[in-house]
Amino acid sequence: MKSLPYFCRGEVVRGFGRGSKELGIPTANFPDAVVEHLPGDITTGIYYGWACVGHGDVHKMVMSIGWNPYYKNEKKSMETHIIHTFKEDFYGEILSIAIVGYIRPEKSFDSLDSLITAIYSDISEAKEKLDLPEYQSMKDDNFFKSIQNNVMNGH
C-alpha cells in the first residue's frame, strides 16, 4: 500500500459502544468525514501504528478499518484501540494517528470469543512490529509534534 504511512486526525466520536462493553477492548472512533477521506489503496482490515490523544503522549495502536463483518455493520468505520490505559473517556478530543503497517484482512468470526482472541493476537503483533527501529522512529514524527505544539501555544 503506497499510501502508508498514512497520517490523519479527527474528533473522537461515539461509536457502537461495543469495544469497551462487549469486548473489553475500548476503541476510539473517527467521524464519517475522516473515514470517507481514506486513500483508495488502504483496504479494509487490521492495521497498526501510533496514536496521540489531544496533546498527550504518543502510544502504540491497532486499528480496524472496515465493516466489522461479525457485527454486519452497514457503515465503514475506523476504530482505533490505543495500547495504553486511559483513566477516562476522551470523546470530543482530537485523535491523531499514523497508520504504518497492515496485519490482516477483516473477516467474520463464529463466536465473540474467537473475535476477542483474534483482537488480542492483533494487539500482540502490533506491539512487536512497532518495536522495530523503522517504526519506532515514526513515534517522533513532526505530525505528532505539530498538534502538541499548537495546543501548548493556544492554537
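Annotations
- Qualifying residue in the range 38-58 (condition: at pLDDT 95 or above, surrounded by 17 or more Cβ atoms within 10 Å (Cβ to Cβ), touching a helix residue (DSSP H, G or I) at 6+ places or on another chain (Cβ under 7 Å) and aromatic (Phe, Trp, Tyr)): yes
- The range 75-110: number of residues that are open to solvent by less than 40 Å² (accessible area, probe 1.4 Å) and of a type in the set (S, T, N, Q): 3
- Matching residues, the range 124-133, being touching a strand residue (DSSP E or B) at 6+ places or on another chain (Cβ under 8 Å), open to solvent by 60 Å² or more (accessible area, probe 1.4 Å) and over 15 Å from residue 25 (Cβ atoms): 129
- Within the range 1-29, residues that are of a type in the set (A, V, I, L, M, F, W, C) have Cβ atoms under 6 Å from residues that are at pLDDT below 70 in these pairs: 25/19, counting only partners at least 6 apart in sequence or on another chain.
- All conditions in (1) in contact with a Cys (Cβ under 8 Å, 6 or more places away or on another chain); (2) loosely packed, with under 15 Cβ neighbours inside 10 Å hold for residue 121, with the sole exception of (1).
The values are calculated or read from the model by the stated rules, or taken from the named source; none is laboratory data. As the structure is a computational prediction, the values presented were derived from the model and not from experiment. Here Cβ is always computed from backbone atoms with ideal geometry, including for glycine, and neighbour counts include all displayed protein chains. Only protein heavy atoms, including side chains, enter the accessible area calculation; ligands, DNA and RNA are left aside. Shrake-Rupley method; radii C 1.70, N 1.55, O 1.52, S 1.80 Å.
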